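Derivation of every value follows stated rules applied to the coordinates shown; laboratory data play no part. Keep in mind that what you see is a predicted model, and the values were worked out from it rather than measured. Glycine gets a Cβ as well: all are built from the backbone with ideal geometry, and neighbour counts include every protein chain shown.
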Amino acid sequence: MKLHNPELVSALVDGELRGLRRWLVRRHLARCAVCGAEYRHQLHVRQLLAANPITPVMNESADFFWSKVRRDIEAQAGRPYRVRIPPLSLSDWLFRHQTSLLGAAAVLAAVLGLWFAARMYRPTLQTVAERPLPATVARVTTPLPQTTATVFHREDEEVTVIWVSGLPWTADLKQMHTLFATIGS
Amino acid sequence: MRLLVFSLMLLLTVGAASASNVTGRLIRADNVKAPSDKQVQDIAEKLRKVFGYARYEQIGRDTKPFHAGERVKLDLGEGFTVFCHPKGINSDGKHEMDVELYSGKTLIVKPERLAIRPGKYLLVRGPEVGASLFIIALTVAP
């Protein structure tokens, strides 16, 4: 440690030194005439400053200043004062209304989910009553050989058809009568 | 006496009202480029959709009243005859009957327990003769 150090002398005057450093600096001041004189000078200055504090000079007296403040306050008493709210940024607005936004999003998701579910699982329309058949046949007999008869219904035309297959083709009616007479006998 | 006459008239009226008419039609279908017969205009479109031919012509027609238990013969022409054996009206309001379709004396087809709704048609695809097809249409008047 450099003892010829004006900063140490100033620190000692300010009471900032402790312990071993304070003892060393004090011992040096007792032996060093220069540092000792410096110490005594700084101490004298400090004592002068403590004895003569700086007083702030105001243009008006303290009573006048505070009375003026009080008068301004009383003048504005009862007058509505509008505090301007600064505009919120998007992130601040979202943070402030996060509960409402979450609720709205939940409701929207529920509505959309119900709508999609209703569309996907729409029950097929079923007729209340089955359309009555125009005619029904319990059994169809075709005595002629190699002939068959099939019954089917045409819902769109409301007809019942007995489709006889296997009847022999003939060129004209006379041949048909002859043929059927032969088959029937 | 007056009561007797009135009762007889009432019976006849009721009897007439309960009687139904069965109509048989013999129709020839072909693809001749000519308009269909006007007599089959009410059924031509149905026939066209079922059988596919372009032209339809009514060859014969016969209508007879029938009662349950009475055998009815319909002469449709060209040797085709239809016999109907009405059995009555079932719970669905259909007329039940046995039907026999003859060509001459030859039985072609015999649908049994045919139950036909009044006003509706039963079509029987008959024989093919030349380029034509014979169709028998049966209906019961409502």
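Please label the shape of the stretch A:14-104 as rounded, prolate or oblate, based on the square roots a ≥ b ≥ c of the eigenvalues of the alpha-carbon gyration tensor (a/c under 1.5 means rounded; beyond that, a/b larger than b/c means prolate, else oblate). It comes out oblate by the Cα gyration axes. Residue-wise HN-Hα couplings along the stretch A:80-86, as the Karplus relation 6.51 cos²θ - 1.76 cosθ + 1.60 with θ = phi - 60° gives them from phi, are x, 10, 9, 8, 6, 8, x Hz; Gly and Pro carry x.
Quickly estimate the mean residue ellipticity at 222 nm for chain B, helices only: each DSSP H run with n ≥ 4 gives -39500 (n - 2.57), and the total goes over all residues, rounded to 500.
Working: 2 runs with 25 residues, N = 142.
Value at 222 nm, helices only, nearest 500: -5500 deg cm²/dmol.
Across the stretch A:139-144, coupling constants 3J(HN,Hα) worked out from phi with the 6.51/-1.76/1.60 Karplus curve, θ = phi - 60°, read 7, 10, 10, 10, x, 5 Hz, and Gly and Pro carry x. With a cut-off of 10 Å between beta carbons, the residues surrounding residue B:23 carry a summed charge of +2, where Lys and Arg count +1 and Asp and Glu -1.
Helical runs assigned H by DSSP (4 residues or longer) give chain A a calculated mean residue ellipticity at 222 nm of -17000 deg cm²/dmol, each run adding -39500 (n - 2.57) before division by the residue total.
Taken about its Cα centre, chain A carries a charge dipole of about 1900 debye when Lys and Arg each add +1 at the Cβ and Asp and Glu each add -1 at the Cβ.
Site-free segments of chain A were taken between trypsin sites (Lys or Arg not before Pro) in DSSP loops having at most 11 other Cβ atoms within 10 Å, sites themselves excluded; the longest one is A:85-185. Each Lys and Arg Cβ is given +1 and each Asp and Glu Cβ -1; about its Cα centre, the stretch B:9-142 then shows a dipole of about 220 debye. Ordered by the count of other Cβ atoms within 10 Å of each Cβ, fewest first, B:36, A:10 give A:10, B:36. Applying a threshold of 18 Å to the alpha-carbon distances of B:64/B:105; B:73/B:110; A:174/B:105; B:49/B:110; B:46/B:87 flags B:64/B:105; B:49/B:110; B:46/B:87 as lying beyond it.
Please work out whether the stretch A:43-94 counts as rounded, prolate or oblate from its C-alpha gyration tensor, where a ≥ b ≥ c are the square roots of the eigenvalues and a/c under 1.5 means rounded, while otherwise a/b larger than b/c means prolate and anything else oblate? Cα axes put the stretch A:43-94 in the oblate bin. Applying a DSSP loop filter and a limit of 16 other Cβ atoms within 10 Å to the trypsin sites (Lys or Arg not before Pro) in the stretch B:45-78 leaves B:71.
The convex hull drawn around the Cα atoms of the protein assembly as shown, when projected onto a plane and averaged over every direction, covers 59.5 nm². Result for chain A in a Gaussian network model with C-alpha springs under 10 Å: among A:15, A:78, A:113, the largest mean-square fluctuation is at A:15.
Between 0 and 90 degrees, rounded to the nearest ten: what's the tilt of helix A:173-184 against the longest Cα principal axis of chain A? Helix A:173-184 sits roughly 80 degrees off the main axis of chain A. Going by neighbour counts of Cβ atoms within 10 Å, the residues B:32, B:109, A:151 line up, fewest first, as B:32, A:151, B:109. Counting every other Cβ atom within 10 Å of each residue's Cβ, B:84, A:32 order from fewest to most as A:32, B:84. Taking +1 at the Cβ of each Lys and Arg and -1 at the Cβ of each Asp and Glu, which of A:49, A:76, A:94 sits farthest along the dipole of the stretch A:38-107 towards its positive end, judged by Cα position relative to the Cα centre? About the Cα centre, the residue reaching furthest to the positive side is A:94.
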